[in-house]
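Contents: one structure, followed by commentary.
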Amino acid sequence: MTATIETRIARELEVREDQVQETVGLLEVTRERANKMAALPTHAVQLTKRATYQGIAQNHDDHPRALES
């Protein structure tokens with residue numbers, strides 16, 4: 001019986017197969033998002049990135065306050 005590519009990678013890297021599968025899943029999502037972003041006009045991509053970064057910064061700023069509550 002032939003091992004799956006995920007099994008072979010897991011053995012080679014000495015990690016669990018589910019870790020390899022999760023990583024592959026994240027890479028697929030990233031590729032899909034990149035393809036969707038490529039279809040947007042440049043200014044829309046820049047606005048989306050800026051909104052995302054602002055959201056990340058706001059969540060980071062709120063985190064210490066949430067711990068104090």
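The values are calculated or read from the model by the stated rules, or taken from the named source; none is laboratory data. If you're wondering where the values come from, they're calculated on a predicted model, not measured in any experiment. Here the Cβ is made from the backbone with ideal geometry for all residues, glycine too, and neighbour counts use every protein chain on show. Side chains are part of the model used for accessible areas, which takes the heavy atoms of the whole protein and leaves out ligands, DNA and RNA. Shrake-Rupley method; radii C 1.70, N 1.55, O 1.52, S 1.80 Å.
Applying the criterion of being among the acidic types (Asp, Glu) and part of a helix (DSSP H, G or I) to the residues of the stretch 1-39, the residue that is least open to solvent (accessible area, probe 1.4 Å) is 6.
When you check residue 42 against the structure, is it at negative phi, of a type in the set (Ser, Thr, Tyr), at pLDDT 80 or above and touching a helix residue (DSSP H, G or I) at 6+ places or on another chain (Cβ under 7 Å), yes or no? No: the conditions fail for residue 42.
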